[in-house]
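Enquirer: Before I ask anything, here is the structure I am working with.
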Amino acid sequence: MRTNPTRPLTPGTTVATAALADIRNLGILAHVDAGKTTVTERILYLTGATHKRGEVHDGTTVTDFDSQERDRGITIFAAAVSCAWAGHRINLIDTPGHVDFADEVERSLRVLDGAIAVFDAVAGVEPQSESVWRQADRHQVPRLAFVNKLDRAGADLDAAVASIRERLHPVPLAVQLPIGQEGGFTGVVDLLRMRALVWADGQDTYQEGPVPESLREEAQRRRRLLDETVAGLHPVALEEFCARAELSAATLAAALRDLTRTGEAVVVLCGSAYRNRGIEPLLDAVAAYLPSPLDVPAVRGTALRGVSQRGVSQHGAPRPGGDGEVQERAADPDEPFAALVFKVNSTDTGRLGYLRVYSGTLRKGAGVLDAGTGRSERVGRILRVQADRHEELDLATAGDIVAVIGLKAARTGTTLCAPGAPLVLEPPSTAEPVVSVAVEARRGTDTDRLASALARLAEEDPSLSVRTDPETGQTVLSGMGELHLEVAVEKIRRTHGLELGVGRPQVAHRETVTGGVSGFVYRHVKQDGGAGQFAHVVLDVAPLDDGREFAFSSAVVGGRVPREYVQAVEAGCRDALAAGPLGGHPVTGLAVTLTDGATHPKDSSELAFRTAGRLGLRDALRVAAVALLEPVVELTATVPEEAVGGVLGDLAARRGRVSGSASRGGTAVITATVPLAELFGYATRLRSRTQGRGTFTTRSAGYAPAPVR
């Protein structure tokens, strides 16, 4: 036996001295309590970035540094850290696992090249595991799977792999076999090199040795199955397999790398992060299989209208050209600078902007352009981020993730670029808030301070919105869930020392058409001196059942409504969707067809037809059958078996529809679809019914008809 030969690089190694091919930008994705923060802490410890293992239950973790994260024992804010392993610089983002903070995951995935998806070896794929996996699918982020907590009672690698196959639908390729079960889990068999990696109690590194005799036959069977599966997916591997009836370790590793990067399969590793077992092979897999900035497609952006990459004139004015064409920027330090701001923190000492540098080089003190607003910004300092600690750098190059100080107005989603080569990158998407509360300062003298604190909060977290209710005059804070709003309010209290009054949460309703109307005629005629307005439209309104929010089409023949006026009618109809007839809620699930119309040779205009579209659809909705929709969530509750009856009764009282129940090691896992409005305060009720042993998670399930009151 021998110890692990892989050694971390010197922690002071910077991206400026590391090749682009050796950079890995990755995130840790998982359901709540799957162990992703513990995985992150062990990675930092084994790479030498920290000298003590942080523990979630002790509140000593590096990435969960916020006081609320430590008090609640969950990750709330995405935290960036950096470390080095086997010649590779790893920029790592630990993301939240709770559904209320899915937008933090979305913003992180937008700038990452790869990810590690962590799964509980007992629970397998859980609801939020599936949600973050789908988010990564949308961003085409290659992933590794790490089945954690193999030391727990009931842990089963094969069951976890089967749940990955059934619920996530990639081809899972398990490259390890556990040595020991549950409390006796001591190591893994590396199926590529057919060796045993064993972690002794109290040891930080593994001992390498031959495969135990009791597992040799099973290891050979699994290696054969791995070879066959990979050969069926990879042409080069298939050629070698047909010639030799097996794959060499080098060919298998190369095929696994290709399949991971294309997303055709996912490599599955296993271990127990809490016991420090399985992390070094995971790091080796990150270096071997996940892509570098050179392996991902060049970033695409839109050149600003009227500006080209030829730069500026001798007088400093942008040269004409561009006109909005799509351009690519390669991950090259010598390309024009382009970076995306994916996170902003407002602190008492200034604004901290987190960047992913896609191309070019950024130097301390350099001037950059905010491509969205056309404003110039100056970067005062560049920082290597280590959660809440920072190391100052002189420059950042393509492929790096850093924080900068000095930005005055840049917000999340802002593109920063070289002034002579303007480019706008696609910003991260932001979900619409679904829950709102009214907030007010208990002391009238604190009203202005509260407004400032809320503005700073919304700047940091775009999934929060602040508005004033025009009817009541109340300040309304909206977010993604009850916990999201609770965390936001508590942050204001702790950071700004404000005493707040908070109203009962309200959910965001929608309206939809259940019975349409055909041939609805609307004439818009306005004459008040000079040129008038005339537009005549005939609309068909019908429900839309394919999941889309709105669809517009034209069936006008004979040119009775010119094409430019048809587009104006569509724009007017979209304007009308903002407020429905029942309660002024946004309208969704609606199909509108323009079937006929008429124009006036002098008084018709795009404005007139847009107005006709808006007012016509508004009146058509008043005579159509319209229903109110409310947001619903898929709830997964884990409770003691003896409490199942009470929990089911409580869910029924909350208008929940139970969709499944399964027993698992003395506990029951209940899934149900429940209106979001009925879940306020549910955590307290569930704890009381289960003597504090029940837990639950939720994920959005869209909208469903609300009961008629």
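The values are calculated or read from the model by the stated rules, or taken from the named source; none is laboratory data. Bear in mind that the values here come from a model prediction, so they are computed numbers and not experimental data. Cβ coordinates were reconstructed from backbone atoms using ideal geometry, including for glycine residues, and neighbour counts include every protein chain displayed. Heads up: the accessible areas ignore ligands, DNA and RNA and are worked out on the full protein's heavy atoms, side chains in. Shrake-Rupley method; radii C 1.70, N 1.55, O 1.52, S 1.80 Å.
Enquirer: If we scan the range 497-507, do we find a residue that is among the aliphatic types (A, V, I, L, M) and surrounded by fewer than 16 Cβ atoms within 10 Å (Cβ to Cβ)? First the steps, then the outcome.
Expert: Residues of the range 497-507 among the aliphatic types (A, V, I, L, M): 498, 500, 502, 507.
Subsequent filtering for residues that are surrounded by fewer than 16 Cβ atoms within 10 Å (Cβ to Cβ) retains 502.
Yes, the range 497-507 has at least one match.
Enquirer: For the range 591-619, give me each residue that is buried (at least 18 other Cβ atoms within 10 Å of the Cβ) and of a type in the set (Gly, Ala, Ser).
Expert: Ala591, Gly597, Ser604, Ser605, Ala608, Ala612, Gly613, Gly616
Enquirer: Working only within the range 657-670, note down all residues that are touching a helix residue (DSSP H, G or I) at 6+ places or on another chain (Cβ under 8 Å), in contact (Cβ under 8 Å) with a residue 24 or more places away in the chain and loosely packed, with under 15 Cβ neighbours inside 10 Å. Show your work before the answer.
Expert: The initial filter retains those residues of the range 657-670 that are touching a helix residue (DSSP H, G or I) at 6+ places or on another chain (Cβ under 8 Å), namely 658, 661, 663, 666-668, 670.
Subsequent filtering for residues that are in contact (Cβ under 8 Å) with a residue 24 or more places away in the chain retains 666-668, 670.
Answer for the range 657-670, where residues must be touching a helix residue (DSSP H, G or I) at 6+ places or on another chain (Cβ under 8 Å), in contact (Cβ under 8 Å) with a residue 24 or more places away in the chain and loosely packed, with under 15 Cβ neighbours inside 10 Å: just Gly666.
Enquirer: Report whether or not Val487 is buried (at least 19 other Cβ atoms within 10 Å of the Cβ), in a helix (DSSP H, G or I) and not acidic (Asp, Glu). Spell out the reasoning first.
Expert: Details: buried (at least 19 other Cβ atoms within 10 Å of the Cβ): yes; in a helix (DSSP H, G or I): yes; not acidic (Asp, Glu): yes.
Judged against the criteria, Val487 is a match.
Enquirer: Within the range 271-294, is there a residue that is closer than 30 Å to Asp400 by Cα, among the β-branched types (Val, Ile, Thr) and either out of contact with any Leu (no Cβ under 6 Å at 6 or more places or on another chain) or without any contact (Cβ under 8 Å) to a residue 40 or more places away in the chain (or both)?
Expert: Checked the range 271-294: at least one residue is closer than 30 Å to Asp400 by Cα, among the β-branched types (Val, Ile, Thr) and either out of contact with any Leu (no Cβ under 6 Å at 6 or more places or on another chain) or without any contact (Cβ under 8 Å) to a residue 40 or more places away in the chain (or both).
Enquirer: Check off (1) surrounded by fewer than 20 Cβ atoms within 10 Å (Cβ to Cβ); (2) modelled with pLDDT of 90 or more; (3) hydrophobic (A, V, I, L, M, F, W, C) for Val312 and give me the number that stays unchecked.
Expert: (2)
Enquirer: Give the residue that is modelled with the lowest pLDDT, with candidates limited to residues of the range 76-110 that are β-branched (Val, Ile, Thr), under 14 Å from the mean Cα position of the chain (by Cα) and open to solvent by less than 10 Å² (accessible area, probe 1.4 Å). Walk me through it before giving the result.
Expert: From the range 76-110, those β-branched (Val, Ile, Thr) are 76, 81, 90, 93, 95, 99, 105; that's our starting set.
Restricting the remaining residues to those that are under 14 Å from the mean Cα position of the chain (by Cα) gives 76, 93, 95, 99, 105.
Then keep just the ones that are open to solvent by less than 10 Å² (accessible area, probe 1.4 Å); that gives 76, 93, 95, 105.
Working: Ile76: 71, Ile93: 88, Thr95: 85, Val105: 88.
So the residue we want is Ile76.
Enquirer: Does Leu457 fit the bill of being open to solvent by less than 40 Å² (accessible area, probe 1.4 Å) and modelled with pLDDT under 85?
Expert: Values: open to solvent by less than 40 Å² (accessible area, probe 1.4 Å): yes; modelled with pLDDT under 85: no.
Answer is no for this residue.
Results for (1) hydrophobic (A, V, I, L, M, F, W, C); (2) at pLDDT below 90; (3) open to solvent by less than 10 Å² (accessible area, probe 1.4 Å), shown as yes or no for each residue.
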| site | (1), (2), (3) |
| --- | --- |
| Arg389 | no, yes, no |
| Thr397 | no, no, no |
| Ile405 | yes, no, no |
| Arg411 | no, yes, no |
| Cys417 | yes, no, yes |
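Enquirer: Hey, another quick one. Go through the residues of the range 151-158 one by one and say whether even a single one is within 23 Å of Trp199 (Cβ to Cβ) and touching a Leu at 6+ places or on another chain (Cβ under 8 Å). Lay out the reasoning, then the answer.
Expert: Narrowing the range 151-158 to residues within 23 Å of Trp199 (Cβ to Cβ): 151-158.
Now narrow it down to the ones that are touching a Leu at 6+ places or on another chain (Cβ under 8 Å): 157.
Scanning the range 151-158, I find at least one residue that is within 23 Å of Trp199 (Cβ to Cβ) and touching a Leu at 6+ places or on another chain (Cβ under 8 Å), so the answer is yes.
Enquirer: So which pairs qualify, if the first residue must be in the range 359-380 and farther than 25 Å from Pro297 by Cα and open to solvent by less than 30 Å² (accessible area, probe 1.4 Å), the second must be aliphatic (A, V, I, L, M) and not in a loop (DSSP other than H, G, I, E, B), the Cβ gap must be under 6 Å, and the two must be at least 6 apart or on different chains?
Expert: Close Cβ pairs satisfying both conditions: Glu377/Val368; Val379/Val404.
Enquirer: Just to be sure before I move on: is Thr430 open to solvent by 60 Å² or more (accessible area, probe 1.4 Å) and either part of a helix (DSSP H, G or I) or over 30 Å from Thr302 (Cα atoms) (or both) in the structure I sent? Spell out the reasoning first.
Expert: Numbers: open to solvent by 60 Å² or more (accessible area, probe 1.4 Å): yes; either part of a helix (DSSP H, G or I) or over 30 Å from Thr302 (Cα atoms) (or both): no.
In short, no.
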